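Q: Handing you this structure, nothing more for now.
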Amino acid sequence: MKQSWDLLCKKNTRRKSFKLQQEGIAVILQKCEINSDIQYGTQATTVIALQSLDIEKTIEEYKQKEIPLIFDTPQKCPPGYFTAIKDPFGNVLEVIQFD
């Protein structure tokens, strides 16, 4: 999954879909021809969350790779802390560290 994730995070990719898979669970991210107008954090939507064991380290790694962060510091949430990023297609993915 790490190789797929690294490829997904490259800024100038021409791919139109990515498969992230670990332990039999697969997530497919695909570029759509028409972007949605959903504003993350203000409208109801489903967001995929990836688990991090160290959210601050993860944020620093994303900054170094120039991955677009929605929050550049950990945000408190009921189960712990999270940040959110955008993939090359504009999809929002959350990254969460559980308490």
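The values are calculated or read from the model by the stated rules, or taken from the named source; none is laboratory data. Keep in mind it's a predicted model, so treat the numbers as computed, not measured. Don't worry about glycine lacking a Cβ; one is built from the backbone with ideal geometry, like all the others, and counts go over all protein chains shown.
Q: Taking the stretch 72-91, which residues are at pLDDT below 95, part of a loop (DSSP other than H, G, I, E, B) and surrounded by 14 or more Cβ atoms within 10 Å (Cβ to Cβ)?
A: Result: Asp87, Pro88, Phe89, Asn91.
Q: Residue pairs, Cβ under 6 Å, 6 or more apart or interchain, first in the stretch 40-67 and among the basic types (Lys, Arg), second surrounded by 13 or more Cβ atoms within 10 Å (Cβ to Cβ). List them.
A: Lys65/Cys9
Q: Being touching a residue at least 40 places away in the same chain (Cβ under 8 Å) and under 15 Å from Val47 (Cβ atoms) is the filter here, so list the residues in the stretch 74-88 that pass it. Steps first, please.
A: First, the residues of the stretch 74-88 that are touching a residue at least 40 places away in the same chain (Cβ under 8 Å): 84, 87-88.
Listed by number, the residues that qualify are Ala84, Asp87.
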